[in-house]
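First up is the structure itself, then whatever we jot down about it.
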Amino acid sequence: MERLGRPDAAAIASESIFPNADEPGLVEAWMAERALLAGDVDAAREIAARLAAFGRGSTVEEPFYEIPVLVDALGVLGRWDDLDAALAGIRSRPVNVVWLDAAIDRAQGMRRAEAGDVDGARAAMGRALERYRRLGMPHEIATTLERMGAVEPDAEASEACRQEAAAIRAAMIGIAS
């Protein structure tokens, strides 16, 4: 609901969902994502990292949804050593989350931008954008475009990214109404 521009409905729904401390899973993954969407990146990282460390088994019903949240949070925070450590662990097991590669590309794009590698940032974020478009994930497309716009040194290209992101977000709110 948050991704569809309905944060009030998401907040109401989240009040009826309770985590399971003995066997964390999808509820906690959603809580991590909700924290990320609400701008509480540290809380998102903490919840997702705790859940990833728990070592729950992979199922079709409950994929490791928290892993892209963890990757995204570490990228936003610029915690590159933690991202490298997380990726090493992630790559050592099956994750079964189709948008994980896009999340990794987006985080790597932020890393390259911070290092001053504009071409590398464009390439990585471009891959992320293409993957999210192919998957039909409008929220992630808009977020990627916003981040591309923030790191793009060319003012015209930066504004084009921001305008496209705004149009996608407006369309999402229109869909949710």
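The values are calculated or read from the model by the stated rules, or taken from the named source; none is laboratory data. Computed from a predicted structure; not experimentally measured. Every residue, glycine as well, gets a Cβ built from its backbone with ideal geometry; the counts of neighbours run over all protein chains shown.
Among the residues of the range 76-99, are any under 14 Å from the mean Cα position of the chain (by Cα) and under 23 Å from A160 (Cβ atoms)?
yes
Condition (residue is within 16 Å of E66 (Cβ to Cβ) and touching a residue at least 40 places away in the same chain (Cβ under 8 Å)) applied to the range 83-101: is it met by at least one residue?
Looking through the range 83-101, at least one residue is within 16 Å of E66 (Cβ to Cβ) and touching a residue at least 40 places away in the same chain (Cβ under 8 Å).
For the range 20-77, how many residues meet the condition of being at pLDDT 90 or above and either of a type in the set (D, E, K, R) or not assigned by TED's automatic domain parsing to the domain that holds G89 (or both)?
So the answer is 5.
Quick check on A86: is it surrounded by 20 or more Cβ atoms within 10 Å (Cβ to Cβ) and either among the acidic types (D, E) or not assigned by TED's automatic domain parsing to the domain that holds E152 (or both)?
So A86 fits the description; yes.
Across the range 104-153, what is the number of residues that are more than 26 Å from M172 (Cα to Cα) and at pLDDT 95 or above?
13
Residues in the range 36-43: is at least one under 26 Å from A167 (Cβ atoms), assigned to a loop (DSSP other than H, G, I, E, B) and either without any contact (Cβ under 8 Å) to a residue 12 or more places away in the chain or touching a strand residue (DSSP E or B) at 6+ places or on another chain (Cβ under 8 Å) (or both)?
yes
Of the conditions (1) in contact with a helix residue (DSSP H, G or I) (Cβ under 8 Å, 6 or more places away or on another chain); (2) free of Cβ contacts under 8 Å to residues at least 24 places away in the same chain; (3) closer than 17 Å to L37 by Cα, P138 clears all except one; give me its number.
Unmet condition: (2).
Quick one: which helices (runs of 4 or more DSSP H) sit completely within the range 94-177 and have at least 3 residues that are surrounded by 14 or more Cβ atoms within 10 Å (Cβ to Cβ), touching a Cys at 6+ places or on another chain (Cβ under 8 Å) and not aromatic (F, W, Y)?
Result: 138-151.
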